[in-house]
Amino acid sequence: MGKKILKQKKYQKSVSLRELKRRKIYKTWRKKRNLLLILTRNRKKQRQKQQKNETIYLAPEIFLLRDNTNEVIRFMALLREHQPHQGSVYIDMSKVKKIANGSIGMLLSVANILSRKNIIVSGSKPENRDANRTLERSGFFNFVQGHVEEENRFSTDTMIARGKEVVNQVASSRIVMDCMKTITSESRRNQPIQRMLIEMMANSVNHAFPYHRAKNINKWVLAVSHDSTNKKVTFSFIDNGVGIIETLKLNIRQKLKFTIIWSNKELLETAFQGNIGSRTGLAYRGRGLPSILKNFKSNNISELVVISNNVFLDFQNDIVNELDTSFQGTFYYWEISQSCNYNGKYT
Amino acid sequence: MANILNIAEEFSATPGARLREDGRASGQQFFEELLRPRFIEAMQENDNLVILLDGTHGYATSFLDEAFGRLAQEFGVNKVKNILSFISEEEPYLIDEINEYIEDAHQA
């Protein structure tokens with residue numbers, strides 16, 4: 001009988017301990033649930049507020065700079081012209097079927113510009129699975145908030161950090177070594193590619209923003225895509241300054257004290273050929289652009305495309321076009337593969 | 001014994017752009033801290049200075065122009081050409097390029 005009583009008391013004690021524990025767990029769960037409800041409600045309210053004063057920009061289905069240049073540039077120009085009084089920006093990429101690192105890099109570049117103007121930028125991802133995978137694997141969401149599927153989190157496609165005030169040749173040297181590993185299976189130097197990257201970074205940092213010393217903004221974006229099956233690497237470099245043509249015109253105007261009457265096409269071609277000095281009589285020292293073209297002519301790179309202001313230059317296919325819409329900035333695209341000459345014997 | 005300036009070992013394996021404000025290991029830094037003092041030393045000792053270009057990840061045109069172009073502006077094209085010589089097995093075209101920068105220096 002005594003034992004039974006003891007047991008009962010013990011039993012009562014453990015019940016109340018168990019009950020206390022249960023109540024504690026329930027309280028914690030309830031707290032978390034309430035917090036989640038508040039957050040969800042706030043997000044919903046925020047989104048509703050945003051939608052009241054929001055402009056939706058529909059991205060082109062073929063979101064490729066090389067294949068659909070005019071439409072993509074027009075889209076980017078529209079985005080870039082968005083002003084704070086127009087409210088927030090919603091980039092609708094749901095209908096995008098094809099996208100590549102070049103246009104993704106340009107989009108990131110433009111999104112940075114909008115953020116600097118304190119414009120809220122949000123958007124939707126492509127419904128097309130391949131396009132969505134390309135976007136997630138590009139590293140775009142390292143810089144923009146968004147969910148990335150587990151399978152796309154680790155990728156050799158690299159959206160490189162954006163550059164601000166300084167040239168980062170140490171970072172570019174590592175990128176080049178990684179690229180050479182894709183092509184030759186060994187990490188090697190490739191001096192011509194490194195040279196090109198330094199030139200582009202330096203031009204962006206020094207010349208692309210001539211009217212004001214723009215501090216603490218991302219002046220360039222580099223996107224690199226590795227295709228290990230075909231042993232090919234593609235590069236897209238975007239600077240969101242005033243563009244090569246505007247920079248050249250400004251420099252020539254400052255030195256010659258008058259404006260030359262050349263078409264933009266002519267000016268850009270002349271700059272790449274290194275003939276600005278001889279045609280203007282100026283002691284023009286710009287050697288960066290000619291060295292980029294030299295890399296192409298020496299087959300150190302292939303498929304070189306340059307878009308700057310309203311000119312599209314495809315050196316591979318010998319195409320020079322004036323675009324319907326101007327792109328404020330400069331876009332470079334090129335590839336390296338096993339068919340290129342490379343200084344790859346040096347580790 | 002040859003008086004060699006090995007850029008990759010004595011300065012940087014990743015030379016940068018033109019000016020110090022552009023970032024690390026600029027042409028300006030190389031010129032002020034290494035190239036100019038060593039050139040003066042070679043000049044005073046009636047010696048040659050051999051510049052070893054190999055071993056880096058690559059040179060920007062602005063780096064080379066700033067370093068060697070400035071040297072020629074200060075000391076004269078002939079003097080620089082008499083004292084300097086270059087070794088570049090990895091990128092032989094660099095030697096002609098640098099000579100152009102040296103020769104163009106008088107126009108700047």
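The values are calculated or read from the model by the stated rules, or taken from the named source; none is laboratory data. What you see is a predicted model, and the numbers here were worked out from it, not measured in a lab. No Cβ is skipped: glycine too gets one built from the backbone with ideal geometry, and neighbour counts run over all protein chains shown. The accessibility values were calculated without ligands, DNA or RNA, using every heavy atom of the protein model including side chains. Shrake-Rupley method; radii C 1.70, N 1.55, O 1.52, S 1.80 Å.
Note on A:K231 and A:Q273: their simple-model spin labels are 3.6 nm apart, each label 7 Å out from Cα toward Cβ. What shape does chain B have by the C-alpha gyration tensor, where a ≥ b ≥ c are the square roots of the eigenvalues, rounded means a/c under 1.5, and otherwise prolate means a/b greater than b/c and oblate the rest? It is rounded, given that a/c, with a ≥ b ≥ c, falls under 1.5.
What is region A:78-208 by shape, rounded, prolate or oblate, if you read a ≥ b ≥ c off the alpha carbon gyration tensor as root eigenvalues and call it rounded for a/c under 1.5, prolate for a/b larger than b/c, and oblate otherwise?
Values: a/c = 2.64, a/b = 1.32, b/c = 1.99.
Here region A:78-208 falls in the oblate category.
Were the residues from A:T325 through A:T156 laid out at 0.36 nm apart, the gain over their Cα-Cα distance would be 57.5 nm. Proximity of backbone amide H atoms, modeled 1.01 Å from N, is registered between B:I51 and B:L5, B:S85, B:F86, B:I87 at under 5 Å, excluding neighbours fewer than 5 places apart on the same chain.
Please compute the contact order of chain B in relative form: average sequence separation of alpha-carbon pairs under 8 Å and at least six residues apart, divided by the residue count, as a percent. Rounded, it is 29 percent for chain B.
For region A:25-32, 3J(HN,Hα) computed residue by residue from phi via the Karplus equation (6.51, -1.76, 1.60; θ = phi - 60°) reads 4, 4, 4, 4, 4, 5, 4, 5 Hz, glycine and proline entered as x. The modelled label-to-label distance between A:R47 and A:S339, using points 7 Å beyond Cα along the C-beta direction, is 4.7 nm.
Among the protein heavy atoms, those of B:T61 account for about 10 Å² of accessible surface (1.4 Å probe, every chain in place).
The magnitude of the dipole of chain B, with charges of +1 and -1 set on the Cβ of Lys/Arg and Asp/Glu and taken from the Cα centre, is near 300 debye.
Rolled with a 1.4 Å probe across the full set of protein chains, the surface gives B:E74 an accessible area near 90 Å². Which shape class applies to region B:52-91: rounded if a/c is under 1.5, otherwise prolate when a/b exceeds b/c and oblate if not, where a ≥ b ≥ c are the square roots of the Cα gyration tensor eigenvalues? Here region B:52-91 falls in the oblate category.
Keeping the other protein chains in place, figure out the carbon and sulfur percent of the accessible area of region B:1-106, with a 1.4 Å probe.
On the way: 2030 of 4640 Å².
Ligands and nucleic acids excluded, carbon and sulfur reach 44 percent.
Residues of region B:7-29 that bury at least 10 Å² of accessible area when the other protein chains are present, relative to the chain alone (probe 1.4 Å, heavy atoms, ligands and nucleic acids excluded): B:T14, B:P15, B:G16, B:A17, B:R18, B:E21, B:D22, B:G23, B:R24. For A:K219, the aspartates and glutamates whose Cα comes closer than 12 Å to its Cα, not counting residues fewer than 8 places off in the same chain, are A:E165, A:D239.
Using a 1.4 angstrom probe on the protein heavy atoms only, line up B:L5, A:L289 by accessible area, largest first. Don't skip to the answer; put the middle values down first.
Numbers: B:L5 0, A:L289 20 Å².
Listed by decreasing accessible area, they come as A:L289, B:L5.
In this rough spin-label picture, where each label sits 7 Å from Cα along the Cβ direction, the A:L39-B:K79 distance is 7.0 nm.
Chain A contacts chain B over a buried accessible area of about 2200 Å², both sides summed; the probe is 1.4 Å and only protein chains count. In the context of the full protein assembly, A:L222 retains an accessible surface of approximately 10 Å², using a probe radius of 1.4 Å and ignoring ligands and nucleic acids.
What is the gain in length, in nm to one decimal, between B:R36 and B:R24 on full extension, counting 0.36 nm per residue of separation less the C-alpha to C-alpha distance? Don't skip to the answer; put the middle values down first.
Values: separation 12, 0.36 × 12 = 4.32 nm, distance 1.81 nm.
Roughly 2.5 nm would be gained on extension.
When only the heavy atoms of the protein chains count and the probe is 1.4 Å, how do B:Y93, A:Y26 rank by accessible area, highest first?
On the way: B:Y93 80, A:Y26 105 Å².
Largest accessible area first, the residues go A:Y26, B:Y93.
Computed over protein heavy atoms with a 1.4 Å probe, the accessible surface of chain B works out to 45 Å² per residue.
If I stretch the segment between A:A171 and A:R23 completely, what's the gain in nm (0.36 nm per residue apart, minus their alpha carbon distance), one decimal? Each step should come with its number before you reach the end.
On the way: separation 148, 0.36 × 148 = 53.28 nm, distance 5.47 nm.
Between A:A171 and A:R23, full extension yields 47.8 nm more.
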